[in-house]
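Enquirer: Okay, here's the structure, questions in a sec.
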Amino acid sequence: SLVKGLEDKSEFELDFWRDATEVDTPVDVRVPFFSLQSVKMYLESQGIEYSTIIEDLDLLSRLDSNLSDQEEMDSAARVAEPRNTDNFDFSRYHTINEIYSFQDMLVAENPNLVSKLVIGQSYQGRPLNVLKFSTGGANRPAIWIDTGIHSREWVTQASGTWFAKKIVTDYGRDPALTAILNKMDIFLEIVTNPDGFYFTHNNNRMWRKTRSPNPGSNCVGVDPNRNWDAGFGGAGASGNPCSETYRGPRAHSESEVRSIVDFVKSHGNFKAFVSIHAYSQMLLYPYGYTNTPVKDQAELHALAKKAITDLASLYGTRYRYGSIINTIYQASGGTIDWTYNQGIKYSYTFELRDTGRYGFILPANQIIPTARETWLALMTIMDHTFKNPY
Amino acid sequence: MGFGIIVFLAVIIGVLGSPGVTSRPEAAASADVSAHPNSVPETPEIFGQEKVLVLEEVEEDVMMTGELNPNQYPAQRAAKVVQHYLNTCYGSPYRVIGLNRVHSGNAQDVTDSGRKFQLEISVQDFISNKTEKCSAEVFFPSGGQQRSPQVHASCEELPKINTQAQEEALYQKYKTNQSRLSAELPDSFGHIDPDMEPLWHLGTVASSFIMLNESTENTLYNMAQVANITQLATENEQLKFDYHILLHEMVSQEIIHWKLLFTWSPPAGVKVLQMEQLPHSHHHEPLNTR
C-alpha cells in the first residue's frame, strides 16, 4: 500500500513495469531522471528497500541495438535527433529534452564561449538551465534574456533556441555583437518554466503557469509573471489559485522565480533584462503595477521605438510599444517591474507574434522569421546598453 | 559625452511634443525608408557614426475619454470588437477579417447609459490579404444587465470580394456528410490541413458571435483553437455544425470553452442556434496522465 502511494504521485511521472499487486513480490518502476532524487527520498522515508536494475535505460537501448551502422543512421534521422547544433531544426517546435540536449551540444561545440549554469530547480525538480555567453573577464556587466516563462507561448522557447545559435554564429563575424561580447556577458534562459513546458507537450497545450500545487485547492500553479516582488498583492493579479494570473501565496514563492531573483542579486552587475512572451506584437517597459512613470521613461520609450523600427525593417511586422500598464493592462508582481526597481534600467518585455489569428499556436513556419526580426530589436537594445554604461 | 545633449533635446521636445508618432522630414531622404506604410523613418546621424536616440515622444497616462492614443489598450479593445462584428456580418469559410491597425479613436461617456467609442481602423481579409480603412462606432452599455456592445461600421470593400465559387464548392462537399470531422484546428504545432482550413475559418467566424456578445471595455478576445467539430444532418439547405472552441481572453488570460451550434450556407451565411459556455475541468487534475 505504501508503493501504491507512490503510484498516486503523478508528478514523479513513474512508469510501472511490474505493478504492485501482491505482497512480498518486487515491483519494477522506471523513474525519469528529474524525479530520481524525490523518489529515492520517498522510498527511504517509507522504509521501502530498492535497488537499481538498469542505471541508464537510454544508454542500454542504444548499446543493445542490433542495427548496422547504416540502419542506425537512418533510424536516427527518422527520429530526427541531431548530432550537433548545425543539424538542429530551428523551424520545428521541440520537446524539453530536445532543447536540453541542444544546450549541452552548444556548450560542447563552443567551450570557449558558452557554459551552462544551473541556477535552481523547478517545483518538480527539473533543472533551470541558463546559458552563459562570455569571452572572459570577471563578473562583467551583463545582459539577461529569458523565454518560456509562460509555457504555452511556444514561439518564445523556439526563438530562444535560435538566439543561442545566433550568438555563437555571429561572435567574431558580426562587429556589433562581437564588440558587445568582448566587454559584456549574455545570459539566456530558454526554458524558464520547464514543468509548465512539459505539461503543454503532454497534457494541456494551453497551460501558462508553474505546476506547484496550491494547498486547499484543486487548482495547480502560480503565474510566474505575477509572482515577483514589485507591487505584489496589488491590483493586476489574482488571489485565486484557479486563476491564470494567480500571484501565489507570497512574492518569489515559485522556485522558477526565486532562482532568477537570487541569481540576479548575487551577480549584481546586470545592465539589461529582457523577458520574452507571446502573443500581441508589443515591446513593453515598466511599470505594470502602477501608472507612475519610471524615471527613465523618455529613454526607454525612445529606445523601444528604435527597436521596433529595426524589427519591422525585416518583414514589416508592426509592433506597438509603451509601458505595460498603458499598452496592455495593469499587471502587478511582474518580472521587469522588479528588475527595474533593482536598478536594471534597460528592462523590457516582448510580446512576439501574432496578434490573435493563431495566438499561442503559431505555425512552426513562423518560428524563424519571428526569431530573426526579434533578434534585430534585441541587438538594438543590447547595443544601446553597451554604448550607454551606467 | 553625447548623453548630455540627448537629455537637452528631450527637455525641449518633450514640452512641445504631442502623443503619437511624428515623422521627421529629414529622414525621408534616407535610402532606408521602405515603401511599407508601417515603417518609421530612421533617425538621422548626428554625431559622426553614432546613431543617437532622439527623445521626441513623451508617453502619457492612458487616455480613457476624449481623443485616445490609438496604441493604448482602450482604443485597441474597442477596435477588436469591431473585428468580431465584421466577421459576424461578412465572415465565411473564405473571408476572415482581422484588425490591422487603429489609426485614431475617441471615447465619450453617454450619461447613465454607457460609453461610446468612435474609431478609424484598418482591417484585413486574411484570405485575400486585402486591407481596407473603415470608420466604426462601438457602444458599451453600462449597468447591471450584461448587455453586448453595439457596433456600427462602414467597411464597404471587403464584403465585395468574390468568394462565391469556393463557398458553393465547399457547401456541395459537405452537404451530404454527417460525422465528427476532426479535432484541434490548429494542432499543437500550429498546423492545419489545407482541406480543413475552411472549417477553421468557419470556426473563427462563428466564434465571433460569442466574442462580440461577451466583449466589454475590459476584455480582448481571440479564438485560440477549434477543439472539435461535429457535423450534423443538413437542415433546410443549411449545413449544420456543433463546434467545441477555445477562446482566449487577454486581460484575464483565461482559456474559455464554448460549445456552438450553428448553420451555414453560401446565401445565408453563419446563423448561430445555440451557444453554451462549458466549465473547464483543468481545475480537476487527472491522476493518470497517460
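Please treat every number below as a calculation from the coordinates, not as lab data. What you are looking at is a predicted structure, and each value in this text was computed from that prediction instead of being measured. We place every Cβ from the backbone using ideal geometry, glycine too, and count neighbours over all the protein chains shown.
Enquirer: What are the residues in the stretch A:130-140 that are crowded, with 21+ Cβ neighbours inside 10 Å and in contact with a helix residue (DSSP H, G or I) (Cβ under 7 Å, 6 or more places away or on another chain), if any?
Expert: Answer for the stretch A:130-140, where residues must be crowded, with 21+ Cβ neighbours inside 10 Å and in contact with a helix residue (DSSP H, G or I) (Cβ under 7 Å, 6 or more places away or on another chain): A:131, A:133.
Enquirer: Do you know which residues across the stretch A:251-304 are among the acidic types (Asp, Glu) and more than 16 Å from the chain's Cα centre (by Cα)?
Expert: A:262, A:296, A:299 - these are the residues of the stretch A:251-304 that are among the acidic types (Asp, Glu) and more than 16 Å from the chain's Cα centre (by Cα).
Enquirer: Same structure again: Scan the stretch A:326-343 for residues that are surrounded by fewer than 22 Cβ atoms within 10 Å (Cβ to Cβ) and over 20 Å from residue B:218 (Cα atoms) and jot them down.
Expert: Scanning the stretch A:326-343 gives A:341, A:342, A:343.
Enquirer: Now a separate question. Can you name the helices (runs of 4 or more DSSP H) wholly within the stretch A:295-364 that have at least 3 residues being more than 7 Å from every other protein chain (Cβ to nearest Cβ) and within 19 Å of residue A:225 (Cβ to Cβ)?
Expert: Answer list for the stretch A:295-364: A:335-341.
For (1) surrounded by fewer than 22 Cβ atoms within 10 Å (Cβ to Cβ); (2) basic (Lys, Arg); (3) assigned to a strand (DSSP E or B), each residue gets a yes or a no:
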position	(1), (2), (3)
B:104	yes, no, yes
B:115	yes, yes, yes
B:121	no, no, yes
B:139	yes, no, yes
B:147	yes, yes, no
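Enquirer: Right, something else. Among (1) without any contact (Cβ under 8 Å) to a residue 60 or more places away in the chain; (2) within 30 Å of residue B:236 (Cα to Cα), there is one condition residue B:168 misses while meeting the rest; what is its number?
Expert: (1)
Enquirer: Would you call residue A:210 within 14 Å of another protein chain (Cβ to nearest Cβ) and in contact (Cβ under 8 Å) with a residue 24 or more places away in the chain?
Expert: So residue A:210 fits the description; yes.
Enquirer: List the pairs whose first member sits in the stretch A:161-175 and is in contact (Cβ under 8 Å) with a residue 12 or more places away in the chain, whose second member is in a helix (DSSP H, G or I) and surrounded by fewer than 16 Cβ atoms within 10 Å (Cβ to Cβ), and whose Cβ atoms are under 6 Å apart, counting only residues at least 6 apart or on separate chains?
Expert: A:171/A:178
Enquirer: For the structure I just gave you, tell me whether residue A:316 is free of Cβ contacts under 8 Å to residues at least 40 places away in the same chain and on the phi > 0 side of the Ramachandran plot.
Expert: Answer is yes for this residue.
Enquirer: Could you list, in sequence order, all residues of the stretch B:158-205 that are away from chain A (no Cβ under 14 Å) and aromatic (Phe, Trp, Tyr)?
Expert: Let us first name the residues in the stretch B:158-205 that are away from chain A (no Cβ under 14 Å), namely B:158-182, B:195, B:198-199, B:202.
Result: B:171, B:174.
Enquirer: Can you say whether residue B:229 is within 11 Å of another protein chain (Cβ to nearest Cβ), in a strand (DSSP E or B) and of a type outside the set (Ser, Thr, Tyr), as far as the supplied structure shows?
Expert: no
Enquirer: For the stretch A:194-202, state whether one or more residues are in contact (Cβ under 8 Å) with a residue 60 or more places away in the chain, within 10 Å of another protein chain (Cβ to nearest Cβ) and within 22 Å of residue A:358 (Cβ to Cβ).
Expert: Yes: the stretch A:194-202 contains one or more residues that are in contact (Cβ under 8 Å) with a residue 60 or more places away in the chain, within 10 Å of another protein chain (Cβ to nearest Cβ) and within 22 Å of residue A:358 (Cβ to Cβ).
Enquirer: Filter the stretch A:344-362 for residues that are surrounded by 24 or more Cβ atoms within 10 Å (Cβ to Cβ) and over 18 Å from the mean Cα position of the chain (by Cα); which is farthest from residue A:277 (Cα to Cα)?
Expert: Looking at the filtered set, the residue picked out is A:346.
Enquirer: Take the stretch B:204-226 and flag every residue that is outside any strand (DSSP E or B) and either small (Gly, Ala, Ser) or under 16 Å from residue B:182 (Cα atoms) (or both).
Expert: Residues satisfying the conditions are B:204, B:206, B:207, B:208, B:215.
Enquirer: Still on this structure, I have one more. Does the stretch A:143-192 hold any residues that are in a loop (DSSP other than H, G, I, E, B) and either among the acidic types (Asp, Glu) or more than 9 Å from the chain's Cα centre (by Cα) (or both), and which are they?
Expert: Filtering the stretch A:143-192 for residues in a loop (DSSP other than H, G, I, E, B) gives A:148-153, A:171-174, A:184, A:190-192.
Within the stretch A:143-192, A:152, A:153, A:171, A:172, A:173, A:174, A:184 meet the criteria.
Enquirer: Take the conditions more than 14 Å from chain B (Cβ to nearest Cβ), surrounded by fewer than 21 Cβ atoms within 10 Å (Cβ to Cβ) and either of a type in the set (Asp, Glu) or touching a Lys or Arg at 6+ places or on another chain (Cβ under 7 Å) (or both) and apply them to residue A:252. Does it pass?
Expert: Considered against the rule, which asks whether it is more than 14 Å from chain B (Cβ to nearest Cβ), surrounded by fewer than 21 Cβ atoms within 10 Å (Cβ to Cβ) and either of a type in the set (Asp, Glu) or touching a Lys or Arg at 6+ places or on another chain (Cβ under 7 Å) (or both), residue A:252 comes out as yes.
Enquirer: Give the stretch B:65-79 a look and list any residue that's within 11 Å of chain A (Cβ to nearest Cβ) and polar (S, T, N, Q), or say none.
Expert: Correct list: B:69, B:71, B:72, B:76.
Enquirer: Now for a different question. Looking only at the stretch B:168-186, count every residue that is out of contact with any helix residue (DSSP H, G or I) (no Cβ under 8 Å at 6 or more places or on another chain) and surrounded by 16 or more Cβ atoms within 10 Å (Cβ to Cβ) and tell me the total. If you could, list the steps in order and put the result at the bottom.
Expert: Restricting attention to the stretch B:168-186, the residues satisfying the condition of being out of contact with any helix residue (DSSP H, G or I) (no Cβ under 8 Å at 6 or more places or on another chain) are B:168-169, B:171-180, B:183-184.
So of that shortlist, the ones also surrounded by 16 or more Cβ atoms within 10 Å (Cβ to Cβ) come out as B:171, B:174, B:184.
Count: 3.
Enquirer: Still on this structure: All but one of (1) assigned to a loop (DSSP other than H, G, I, E, B); (2) buried (at least 18 other Cβ atoms within 10 Å of the Cβ) hold for residue A:235; which doesn't?
Expert: (2)
Enquirer: Related question: Please find, within the stretch B:80-102, the residue that is surrounded by the fewest Cβ atoms within 10 Å (Cβ to Cβ) out of those that are farther than 15 Å from residue B:203 by Cβ and away from every other protein chain (no Cβ under 11 Å).
Expert: Within the stretch B:80-102, the match that is surrounded by the fewest Cβ atoms within 10 Å (Cβ to Cβ) is B:89.
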